[in-house]
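Participant: Take this structure, written in structure tokens, and hold onto it; I'll ask about it next.
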């Protein structure tokens with residue numbers, strides 16, 4: 001009875017738009033008051049939640065992404081991508097996707113990707129005659145590659161919740177992320193050709209060489225970060241620190257685009273963005289304690305195991321739950337709330353946590369594209385001035401593409417597991 005009242009209270013807090021972090025903490029505290037449980041547990045869970053070595057990577061990768069945007073490295077990457085494929089039909093749409101893949105391979109945040117690239121590419125694509133709702137939809141969908149291609153903040157959160165090796169998770173995202181990018185390019189090309197969108201500019205080798213030289217130091221940043229993790233030179237957390245130092249050094253000595261003022265701004269914004277996520281993590285642990293106290297994970301596991309003993313069926317059902325939850329929860333809170341509930345079922349079925357983690361990340365990417373709380377939708381709607389529902393209608397081909405690829409990953413786990421098994425054979 002006390003749990004039912006707590007859940008109803010939590011839903012009420014969501015309805016009246018109490019921020020998720022505070023709603024989770026308030027609801028958990030209410031449960032403990034109703035159940036006459038010592039409130040010191042709230043303090044303990046809030047303190048223990050963010051106390052994780054894995055989570056230390058988060059502020060570092062957030063800062064890397066902000067450095068890329070603030071110091072103009074993102075602009076250089078876009079110009080290089082434009083010189084590479086701008087001559088194709090729908091070239092600027094493909095540029096949008098390539099830039100998201102490169103930027104996502106550095107920042108690990110779809111929201112940062114949307115904000116950084118959307119403000120540049122949306123006006124440019126509009127000038128070339130692309131339909132505005134399509135531009136917004138493409139920018140939103142391509143940005144979600146940022147949480148699939150390593151590094152990924154969502155993977156960091158999942159790794160902390162499930163105690164899964166972060167290096168293996170990062171490596172697992174490489175093939176699926178590239179697969180999403182190539183698939184989106186094909187869809188964008190077909191739609192651009194059908195609607196005669198875009199201006200085809202001649203390919204100039206001189207322009208490609210010039211922009212490649214300009215973007216060179218930014219282009220090798222993902223290689224340094226991922227290459228260092230794969231080779232074992234440094235851990236994923238250390239890779240974030242290397243990325244920050246590298247970004248500051250190239251901005252200071254090569255691009256000469258950083259000042260103490262904008263470095264201070266990057267530090268402050270990184271602290272704010274990290275704090276937002278950490279507060280959610282801290283208070284979600286209090287709610288997780290409540291659910292564990294009521295044995296909800298065990299009950300959920302029993303229900304799932306009674307439904308089927310086929311791992312693929314369990315993964316389909318879990319993905320369905322996560323996609324539905326993604327419509328009303330942002331990615332990180334969803335991982336923090338839902339994953340602990342289904343994890344016992346996943347473990348009992350012998351499903352690899354790396355494979356499952358990639359499916360969770362894909363479901364989060366779909367959730368970023370679905371109203372009413374799609375995080376990238378909010379950002380791109382604010383930048384473009386296009387209504388969120390109109391963007392969603394134009395986004396349907398890309399949402400369906402995500403769901404199709406999610407299904408492929410469920411039934412062909414080798415796509416996810418090939419690189420982790422090759423690089424970390426003992427996991």
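Participant: If I go through the range 165-189 residue by residue, how many of them are more than 17 Å from the chain's Cα centre (by Cα) and either assigned to a loop (DSSP other than H, G, I, E, B) or without any contact (Cβ under 8 Å) to a residue 60 or more places away in the chain (or both)? Give the derivation first.
Facilitator: Looking only at the range 165-189, we keep the residues that are more than 17 Å from the chain's Cα centre (by Cα), and these are 165, 182-183, 185-189.
Then keep just the ones that are either assigned to a loop (DSSP other than H, G, I, E, B) or without any contact (Cβ under 8 Å) to a residue 60 or more places away in the chain (or both); that gives 165, 182, 186.
Final tally of qualifying residues: 3.
Participant: Hey, another quick one. Can you spot a residue in the range 231-239 that is surrounded by 15 or more Cβ atoms within 10 Å (Cβ to Cβ) and over 21 Å from the mean Cα position of the chain (by Cα)?
Facilitator: The initial filter retains those residues of the range 231-239 that are surrounded by 15 or more Cβ atoms within 10 Å (Cβ to Cβ), namely 234-239.
Applying the additional criterion that residues be over 21 Å from the mean Cα position of the chain (by Cα) yields 234.
The answer is yes; a qualifying residue exists.
Participant: Could you check the range 402-422 and list, in sequence order, the residues that are crowded, with 17+ Cβ neighbours inside 10 Å and in contact (Cβ under 8 Å) with a residue 12 or more places away in the chain?
Facilitator: The initial filter retains those residues of the range 402-422 that are crowded, with 17+ Cβ neighbours inside 10 Å, namely 402, 405-406, 409-410, 413, 415-417, 419-421.
Result: 402, 405, 406, 409, 410, 413, 415, 416, 417, 419, 420.
Participant: Quick one: count up the residues across the range 31-47 that are closer than 14 Å to residue 284 by Cα and surrounded by 15 or more Cβ atoms within 10 Å (Cβ to Cβ).
Facilitator: Of the range 31-47, the ones closer than 14 Å to residue 284 by Cα are 31, 41-47.
Imposing the further condition that a residue be surrounded by 15 or more Cβ atoms within 10 Å (Cβ to Cβ) reduces the set to 31, 41-42, 45-46.
Count: 5.
Participant: Exactly one condition in (1) closer than 19 Å to residue 151 by Cα; (2) surrounded by fewer than 13 Cβ atoms within 10 Å (Cβ to Cβ); (3) in contact (Cβ under 8 Å) with a residue 60 or more places away in the chain is false for residue 226; which is it?
Facilitator: Status for residue 226: all satisfied but (2).
Participant: Let me ask another. Looking at 360, 386, can you tell me which residue is under 20 Å from residue 110 (Cβ atoms), in contact (Cβ under 8 Å) with a residue 60 or more places away in the chain and outside any helix (DSSP H, G or I)?
Facilitator: Numbers: 360 fails: outside any helix (DSSP H, G or I).
Result: 386 is the single residue among 360, 386 that is under 20 Å from residue 110 (Cβ atoms), in contact (Cβ under 8 Å) with a residue 60 or more places away in the chain and outside any helix (DSSP H, G or I).
Participant: Could we say that residue 342 is more than 18 Å from the chain's Cα centre (by Cα), surrounded by 20 or more Cβ atoms within 10 Å (Cβ to Cβ), under 30 Å from residue 247 (Cβ atoms) and modelled with pLDDT of 85 or more here?
Facilitator: Numbers: more than 18 Å from the chain's Cα centre (by Cα): yes; surrounded by 20 or more Cβ atoms within 10 Å (Cβ to Cβ): yes; under 30 Å from residue 247 (Cβ atoms): no; modelled with pLDDT of 85 or more: yes.
No, not satisfied.
Participant: Continuing with the same structure: Search the range 24-46 for residues being assigned to a helix (DSSP H, G or I) and free of Cβ contacts under 8 Å to residues at least 40 places away in the same chain, and hand back the single one that is nearest to residue 332 (Cα to Cα).
Facilitator: Here the residue is 26.
The values are calculated or read from the model by the stated rules, or taken from the named source; none is laboratory data. Everything numeric in this text was worked out from a predicted model, so none of it was measured. Note that we place each Cβ from the backbone using ideal geometry, even for glycine, and neighbour counts take in every protein chain shown.
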